[in-house]
Amino acid sequence: MSGSYETLEVTREGHVGWLVFDRPEAGNAMDATMLAELERAWCELADDPEVRVIVNTGNGDAFQTGLDVVQLARDPEALREQSRRTKRAELRITAWHNKVWKPVIAAVNGACAGGGLHFVADADIVIASTEATFLDPHVSVGQVSAFETIALVRMSPMEPIVRMALTGRHERMTAERARQLGILSEVVEPERLRDAARELAEKVARNSPAAMAATKRALWGALETGLTEACRNGARELVSMWGHPDQVEGPRAFVERREPVWQPLDPAGARG
Amino acid sequence: MSYETLKVERHGPVGWLIFNRPEQLNAMNARMREELADAWVELDRDPAVRVIVHTGEGRAFQTGVDVEEIATDGIGMERYRRSLEEWDLHFTSWHQGVWKPVVTAVNGICAGGAFHWVADADVVIAASDAEFFDPHVSVGQVVAIEAIGLMRKMPVEAVMRMALVGRHERMSAQRAYELGMISEVVDPPERLREAAQELAEKIARNSPAAMAATKRALWGALETGLTEACRNGARELVSMWGHPDQVEGPAAFAERREPRWALDAPDGASSGGGGR
């Protein structure tokens, strides 16, 4: 079922699925092909019961530099379908867009610009290499910054995000500053990035897949409403796990000092 | 009132609510859950108490629900189903609609359900050796209410990471400080209660009525969009106009003396309801 991709590398290592941007010669910019392949790749990894955690990173110097402006300039027709989706806020390029309820770790390996910020905003956990930089050049080319920065202002102190949106391509945020602000949680040497992502993913993979999916639904859902309503909805997710076999297995494994044997995530609970 | 699982004390204008099951790392059993509801109300209604400090005895601040009771009492989590399904909780100051300032002083391990009292406090400080982690998903439980509260108050990624890494990683007090989850790291850790008392006494110097209205405005703002929050905030603001504290405050300032605040808040210190 492992589909073939032109612009991505999709691989598995144990319980960890890797979704790697693979247009290094173009700064991993998203052309029409990548935009379409991203939806397919997220769904493939979400639907694979062997995969418990997904790591998203990029090949080459850049992490992700947003929409491919070269294609936009030369062949706007190719991007028409995506423009339509953008207009309707129906993008399907990130895990959040595709309602993937498995944990997603973004490992930012280099420049993360403009539309690349989607993949930071929509990940659960973000780590970065010391060489990663963050910028939002939209307004420097006459475009509006909206989706990515709207999500980021819910997640981080707001001033640095608005500054990034308004300084455009004339300023970059370092990985260390992003860590200080809590946009990401760990900065490592470039050559250590994939190992660090793998180690983190393997820790996450030791937890109950069903409990993590319900946790993600509760926490991402909480960004949609006021606090009390979010708590009410969260309480429903909480109670939904009561009686699940993982809730017996978890404490038992702890007492017996062994790794728990979790139930595989019901495919219906992994996505959608 | 006397308590089995808590200590409730007064020191000057400061009321202290202290988890007192150190042997169980202050885990919350059914008894503690009931006593917390009473203790918040007792301190909130006591006119001599202006600020409440909340901490724990022993090496842990709090470690969530008492899993031993859950495993052995034959009822388990089902005991709490109704309160969750009907959203009818009473164990934090926010649940109880306490409009006096609440300072949480995290004295050690803060795990899982303990985040309820970090999320629902107004001000949080911690001992330098405090450690934060959320083991729920490592034992097959969902993280929801505590993290939902925290996410509104601090960078979200850090909350998600704690929720998904579970018991396999801990956050230091220093990192919690950097992220703005807490505002002060007390070192050496033995100084924590002293630091909490000092901070609470500073807060206690301010107008009780103005602080209650301020709390209502700011906590209320977590419920709505920005413009609606400002509209509601404006009502809280205007509600204090004409209150004696608004004459006394500037007068005391001009006369270089401590203000003598009116003890009756305009709408009552405890209008009840919290976010509910």
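List of remarks:
- R0 of 41 Å, Cβ-Cβ distance B:A262-A:L223: FRET efficiency to nearest 0.05: 0.55
- Ranking A:P103, A:I127, A:V248 by Cα position along the charge dipole of chain A, where only Lys, Arg, Asp and Glu carry charges on their C-beta atoms, puts A:V248 farthest toward the positive end.
- Across B:T72, B:T92, the residue with the most accessible area heads the list, and the full order at a 1.4 Å probe is B:T72, B:T92.
- Unit charges on C-beta of K, R, D, E only; dipole of the range A:209-270, Debye: 100
- Listed residues B:S2, B:L89, B:V65: farthest to the positive end of the dipole of chain B (Cβ charges): B:L89
- B:S183 sits with roughly 70 Å² accessible to a 1.4 Å probe, with DNA, RNA and ligands left out of the calculation.
- Within chain A, antiparallel bridges make up roughly 30 percent of the DSSP beta bridges whose residues both belong there.
- Using a Förster distance of 41 Å, the FRET efficiency for A:T174-A:R257 (Cβ separation, nearest 0.05): 0.45
- Net charge dipole size for chain A [Lys, Arg +1 and Asp, Glu -1 on Cβ; Debye, nearest 20]: 820
- Legend: residue pairs A:K87/B:K215; A:K216/B:K153; B:K153/B:K202; B:K7/B:K100; B:K7/B:K215, Cα-Cα distance threshold 30 Å; pairs beyond threshold, A:K87/B:K215.
- Share antiparallel - DSSP beta bridges, the range A:1-129, percent rounded to 5: 25
- When the Cα positions of B:P244, B:W99, B:V186 are compared along the charge dipole of chain B, B:P244 comes out farthest toward the positive end, with charges on each C-beta of Lys, Arg, Asp and Glu.
- Short-range pairs are left out: with C-alpha atoms under 8 Å and at least six residues apart, the relative contact order of chain A is 17 percent.
- Assigned charges on the beta-carbon of Lys, Arg, Asp, Glu; the protein assembly as shown dipole about Cα centre (debye): 860
- Fully extending the segment from B:A251 to B:E23, taken as 0.36 nm per residue of separation minus the present Cα-Cα distance, adds 77.0 nm.
- Accessible surface of A:K216 - all protein chains present, 1.4 Å probe, nearest 10 Å²: 10
- Between A:S4 and A:M158, the distance separating the two model label sites (each 7 Å from Cα on the Cα→Cβ line) works out to 5.0 nm.
- Axis angle, to the nearest 10 degrees, between helix B:156-165 and the longest C-alpha principal axis of chain B: 20 degrees.
- Principal-axis analysis of the Cα atoms of chain A puts helix A:32-47 at an angle of about 10° to the longest axis.
- Mean partner shielding of peptide A:243-255, defined as the number of other chain Cβ atoms within 10 Å of each residue Cβ, is 4.
- Folded to 0 to 90 degrees: helix B:226-239 orientation relative to chain B principal axis, Cα: 50
- Nitroxide proxy distance, nm - points 7 Å out along Cα→Cβ at B:S183 and A:R85: 4.5
- Distance between the C-alpha centres of the range A:202-272 and the range B:47-113: 21 Å, rounded to the whole angstrom.
The values are calculated or read from the model by the stated rules, or taken from the named source; none is laboratory data. This is a predicted model, so every value here is computed, not measured. Glycine gets a Cβ as well: all are built from the backbone with ideal geometry, and neighbour counts include every protein chain shown. Note: areas computed on protein heavy atoms with side chains; ligands, DNA, RNA excluded. Shrake-Rupley method; radii C 1.70, N 1.55, O 1.52, S 1.80 Å.
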